[in-house]
Amino acid sequence: MTVTGSGPRPRVVIVGGGFGGLRVARQLRGVPADVVLLDRRPDHVFQPLLYQCATGLLSEGEISSPLRHLLRRQRNVDVVLGEATDVDLGRGVVVATRFDGSRFELGFDHLVVAAGMRQAYHGHDEYVRWAPGMKTLDDALEIRRRIVSAFEMAESLPTAEERRPWLTFVVAGAGPTGVELAGQIRELATRALEREFRTVDPAEARVLLVHGGDRVLPSFAPTLSRAARRALDGLGVETHLGVHVTAVDEHGVETTTKGDAVTARYDARTVLWTAGVEAVPFAQALASACGVEQVAGGRIAVTPDLRVPAHPRVRVIGDLMALDELPGVAEVAMQSGRYVGRSLREEIVTGLAPRRPFRYRDLGTAAYISRGNAIVQAGPVRVSGRLGWVSWGAVHIAFLAGYRNRIATLASWSATLASGSRRERAVVASPD
């Protein structure tokens, strides 16, 4: 199937239905253009709360919404399921693959790439078998399966020595996702599961947070990093700084310290990977078609109006764009998506390209450590502890897509606070 552009109405193809792509589509409501939103999944996922799905606080339905439902009132938007694999700028088409392997093409007059990033294993892609990342809903459900199964396995084993590897969890990477995962595994063990097992004490669960840098949460101010470290210590998370994971297998990990290259081996049946990101494969195809070099983990450098240099029909937004060293966070994706959507609206309606450059407003970033403890950084404002926790919750509820998800998430959080339980622990069979 080929869908062509250059018809009576301009065609805008958006690759990616995350924060950025969804914002572009919403800004084009009512514009005399045909908009195609291409994504390999049918739903929009609120990635900042994936770790809560993985650790039983929230269900997958509470952090995701069908793209077709979110855009149901926009008659000029068509959602297409498929993964972008190539682009032909001369013909003005994006080549995509359906989930059954068949290929199709989408013609465009304007192309917006909001494809995001994926987990990076730094040349060791074989690690993914034993150490899943945390970038998709599938990742979160797989991590939930491994965590829940680890406690159940430990319960069935007769000796402490046999149980120990199943009750040892290693998290590689101490950015926000790694810190949040490590904290939540310990909180799950010490609060939610403490009365549910008979043979093992879940509080014996050992959580190791391994990071190559000299402090946790390096993107935050040092004072907040120290506050987060104290909170992790209080939970019982073992933080190992200046250490890299140098081997992963079915039975555990090997780590090596920086400088003196001292190695250590940890027997652990659950290893989780949050140590860095890289561009999705489509970024390489786009860079090759545009004749540009990829930078900073495979990102695409853009001009101040978020276009690829020398290719005015192609815009890149969100995590995949490289501009002014902006971080790969949700707020950058949302603001860049809003900017490009408005720019396209103006260009399509007036025929004139907007001259305003993109300006990012830093509205802050946050990380959840444990119940009653989070950190928030917004410009000069630094907040931690209970006030940070309340601020964190308000921000995340505000940005969830759809009122139903906001209400359901608030209800789940309230139930967990009141009872201490985490009921979202259903797992599916391993694909192996």
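The values are calculated or read from the model by the stated rules, or taken from the named source; none is laboratory data. What you are looking at is a predicted structure, and each value in this text was computed from that prediction instead of being measured. Ideal geometry is used to build each Cβ from the backbone, glycine not excepted, and the neighbour counts take in all protein chains shown. All accessible areas refer to the heavy atoms of the entire protein, side chains included, with ligands and DNA or RNA removed. Shrake-Rupley method; radii C 1.70, N 1.55, O 1.52, S 1.80 Å.
Looking only at strands (runs of 3 or more DSSP E) that fall completely inside region 61-159, which ones have 2 or more residues that are open to solvent by less than 30 Å² (accessible area, probe 1.4 Å), at pLDDT 95 or above and not aliphatic (A, V, I, L, M)?
103-107
I'd like the full set of residues that are of a type in the set (S, T, N, Q) and open to solvent by 70 Å² or more (accessible area, probe 1.4 Å), limited to region 404-421. Outline the logic, then answer.
First pass over region 404-421, keeping only residues of a type in the set (S, T, N, Q): 405, 409, 412, 414, 416, 419, 421.
Within region 404-421, Ser419 is the sole residue that qualifies.
Within region 235-258, does at least one residue satisfy the condition of being modelled with pLDDT of 95 or more, charged (D, E, K, R) and within 22 Å of the chain's Cα centre (by Cα)?
no
If I ask for residues that are open to solvent by 80 Å² or more (accessible area, probe 1.4 Å) and touching a Lys or Arg at 6+ places or on another chain (Cβ under 6 Å), which ones from region 258-275 would you list?
none
Residue check, Leu167 against (1) modelled with pLDDT of 95 or more; (2) open to solvent by 20 Å² or more (accessible area, probe 1.4 Å), all met but one. Which one?
Result: Leu167 fails condition (2) only.
Would region 414-421 turn up any residue that is closer than 19 Å to Val45 by Cα, modelled with pLDDT of 80 or more and out of contact with any strand residue (DSSP E or B) (no Cβ under 6 Å at 6 or more places or on another chain)?
Checked against the condition, which is being closer than 19 Å to Val45 by Cα, modelled with pLDDT of 80 or more and out of contact with any strand residue (DSSP E or B) (no Cβ under 6 Å at 6 or more places or on another chain), region 414-421 yields no hits at all.
Which of the residues belonging to region 257-270 are out of contact with any helix residue (DSSP H, G or I) (no Cβ under 8 Å at 6 or more places or on another chain) and β-branched (Val, Ile, Thr)?
Keep residues of region 257-270 that are out of contact with any helix residue (DSSP H, G or I) (no Cβ under 8 Å at 6 or more places or on another chain), which gives 257-266.
Thr257, Val262, Thr263, listed by residue number.
Taking the conditions exactly as written (part of a loop (DSSP other than H, G, I, E, B) and either in contact with a strand residue (DSSP E or B) (Cβ under 6 Å, 6 or more places away or on another chain) or closer than 21 Å to Glu161 by Cβ (or both)), does Val210 satisfy them or not? Give the derivation first.
Numbers: part of a loop (DSSP other than H, G, I, E, B): no; either in contact with a strand residue (DSSP E or B) (Cβ under 6 Å, 6 or more places away or on another chain) or closer than 21 Å to Glu161 by Cβ (or both): yes.
No.
Restricting to region 223-233, give me the number of residues that are surrounded by fewer than 17 Cβ atoms within 10 Å (Cβ to Cβ), free of Cβ contacts under 8 Å to residues at least 24 places away in the same chain and not basic (Lys, Arg).
The total comes to 1.
For the structure I just gave you, tell me whether Val24 is at pLDDT 95 or above, among the β-branched types (Val, Ile, Thr) and open to solvent by less than 20 Å² (accessible area, probe 1.4 Å).
yes
Only one of (1) open to solvent by 40 Å² or more (accessible area, probe 1.4 Å); (2) under 26 Å from Ala174 (Cβ atoms); (3) small (Gly, Ala, Ser) is not met by Gly318, so which one is it?
(1)
Name the residues in region 285-308 that are touching a helix residue (DSSP H, G or I) at 6+ places or on another chain (Cβ under 8 Å) and open to solvent by 30 Å² or more (accessible area, probe 1.4 Å), would you? It would help to see each step written out before you state the result.
As a first pass, look at region 285-308 and keep what is touching a helix residue (DSSP H, G or I) at 6+ places or on another chain (Cβ under 8 Å): 293-294, 298-300, 305-306, 308.
Once the filter is applied, which keeps residues that are touching a helix residue (DSSP H, G or I) at 6+ places or on another chain (Cβ under 8 Å) and open to solvent by 30 Å² or more (accessible area, probe 1.4 Å), region 285-308 yields Glu293, Gln294, Arg299, Asp305.
Per-residue answers, yes or no, for (1) assigned to a strand (DSSP E or B); (2) buried (at least 18 other Cβ atoms within 10 Å of the Cβ); (3) of a type in the set (S, T, N, Q):
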| site | (1), (2), (3) |
| --- | --- |
| Gly178 | no, yes, no |
| Ala189 | no, yes, no |
| Arg195 | no, no, no |
| Thr256 | yes, no, yes |
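List pairs: first residue in region 207-222 and closer than 21 Å to Val271 by Cα, second residue of a type in the set (Val, Ile, Thr) and part of a loop (DSSP other than H, G, I, E, B) anywhere in the structure, Cβ distance under 8 angstrom, at least six positions apart or on different chains.
Val207/Val237; Leu208/Val237; Leu209/Val216; Leu209/Val237
Quickly run through region 187-206 and pick out the residues that are among the small types (Gly, Ala, Ser) and touching a residue at least 60 places away in the same chain (Cβ under 8 Å).
Within region 187-206, just Ala192 meets the criteria.
Quick check on region 6-20: of everything there that is over 19 Å from Glu83 (Cβ atoms) and part of a loop (DSSP other than H, G, I, E, B), which residue is modelled with the lowest pLDDT?
It comes out as Ser6.
Quick check on this structure: which one of Gly328, Gly318, Gly337 is in contact (Cβ under 8 Å) with a residue 40 or more places away in the chain, touching an Asp or Glu at 6+ places or on another chain (Cβ under 9 Å) and either among the β-branched types (Val, Ile, Thr) or under 20 Å from Gln47 (Cβ atoms) (or both)? Show your work before the answer.
Numbers: Gly318 fails: touching an Asp or Glu at 6+ places or on another chain (Cβ under 9 Å); Gly337 fails: touching an Asp or Glu at 6+ places or on another chain (Cβ under 9 Å).
Residue meeting the stated conditions: Gly328.
Just give me the residues in region 243-295 being within 25 Å of Val329 (Cβ to Cβ) and free of Cβ contacts under 8 Å to residues at least 40 places away in the same chain, in sequence order.
Result: His244, Gln284, Ala287, Val292, Glu293, Gln294, Val295.
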